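Input: a single structure, listed below in structure tokens.
Laboratory data are not the source of any read-out in this text; all were calculated from the coordinates shown. These numbers come from a predicted model, not from an experiment. Quick reminder, even Gly has a Cβ in these numbers, built from the backbone with ideal geometry, and neighbours come from all protein chains shown.
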């Protein structure tokens, strides 16, 4: 068990950040799945804007790697452009 006050505080703040990161990551993954399952181009275009913003925020906060975010945004953009 931690003995120093600062390490006790660090444990608390780390747990809070971990839960927040986990929630944001899971929410983004669900949004990506929803976008991939969409067949309407107009709806997909609006979803793409939201999802790409979510992915950029995850990359900015080092929850996912910036290249992974870029790859996902590129694939999703190709998917939306291929819709009729």
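Scanning the stretch 18-29 for residues that are without any contact (Cβ under 8 Å) to a residue 12 or more places away in the chain and either in contact with a strand residue (DSSP E or B) (Cβ under 6 Å, 6 or more places away or on another chain) or surrounded by 12 or more Cβ atoms within 10 Å (Cβ to Cβ) (or both) gives 20, 29.
In the set (1) over 22 Å from residue 78 (Cα atoms); (2) in a helix (DSSP H, G or I); (3) touching a helix residue (DSSP H, G or I) at 6+ places or on another chain (Cβ under 7 Å), the condition left unmet by residue 2 is number (2).
Is it true that some residue in the stretch 45-52 is outside any loop (DSSP other than H, G, I, E, B), in contact (Cβ under 8 Å) with a residue 12 or more places away in the chain, out of contact with any strand residue (DSSP E or B) (no Cβ under 6 Å at 6 or more places or on another chain) and farther than 12 Å from residue 28 by Cα? Scanning the stretch 45-52, I find at least one residue that is outside any loop (DSSP other than H, G, I, E, B), in contact (Cβ under 8 Å) with a residue 12 or more places away in the chain, out of contact with any strand residue (DSSP E or B) (no Cβ under 6 Å at 6 or more places or on another chain) and farther than 12 Å from residue 28 by Cα, so the answer is yes. I need the full set of residues from the stretch 57-71 which are loosely packed, with under 15 Cβ neighbours inside 10 Å, touching a helix residue (DSSP H, G or I) at 6+ places or on another chain (Cβ under 9 Å) and not in a loop (DSSP other than H, G, I, E, B), in order please. Selection gives 57, 60, 66, 67, 68, 70.
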